[in-house]
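Everything on this sheet refers to the single structure shown next.
The values are calculated or read from the model by the stated rules, or taken from the named source; none is laboratory data. Here the structure is a predicted model, which means the values were calculated and not measured. We place every Cβ from the backbone using ideal geometry, glycine too, and count neighbours over all the protein chains shown. When the accessible area is computed, the model is the full protein with side chains, heavy atoms only, and any ligands, DNA or RNA have been set aside. Shrake-Rupley method; radii C 1.70, N 1.55, O 1.52, S 1.80 Å.
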Amino acid sequence: MGSLVYGNSTIEVAFDDRALMHLQIVITNKLRRNESFIFTWVNAPELGSGRSTIWLDPSSTIFYRYSGSRIPSINREWIEVLMLSANSASGLFFTPEPPSGMSS
């Protein structure tokens, strides 16, 4: 289980390494283009469920911590789904990997 650390380690969100790699690609592409956006995810049940949202802009401090040393394979359909979400008015909402051949 990896994690995305936002700010001065005050917010740390756990994602499996594969999901974290896909998020890193989408977030990096948006910030590289100097685009600001919100990022929302569903909280783990042990954190009370619900959801959390952070504001990301090019000056944000983000640290991606992976538990494994191997780079996961990339699912381009998942990247597309996440990027469409990130480009929407409601911002990036983390969604699980879609079944192969089923982007929507």
Among the residues of the range 62-89, what is the count of those that are in contact with a Ser or Thr (Cβ under 9 Å, 6 or more places away or on another chain) and assigned to a loop (DSSP other than H, G, I, E, B)?
3
Lone unmet requirement of (1) surrounded by 12 or more Cβ atoms within 10 Å (Cβ to Cβ); (2) more than 20 Å from residue 2 (Cβ to Cβ) for residue 89:
(1)
Hey, among 54, 11, 71, which residue is surrounded by 14 or more Cβ atoms within 10 Å (Cβ to Cβ) and in contact (Cβ under 8 Å) with a residue 40 or more places away in the chain?
54
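Restricting the search to the range 20-51, which residues are more than 18 Å from residue 83 (Cβ to Cβ) and open to solvent by 80 Å² or more (accessible area, probe 1.4 Å)? Break it down into steps so the answer makes sense when it comes.
Initially, the range 20-51 is screened for residues more than 18 Å from residue 83 (Cβ to Cβ), giving 42-51.
42, 45, 46, 47, 51 - these are the residues of the range 20-51 that are more than 18 Å from residue 83 (Cβ to Cβ) and open to solvent by 80 Å² or more (accessible area, probe 1.4 Å).
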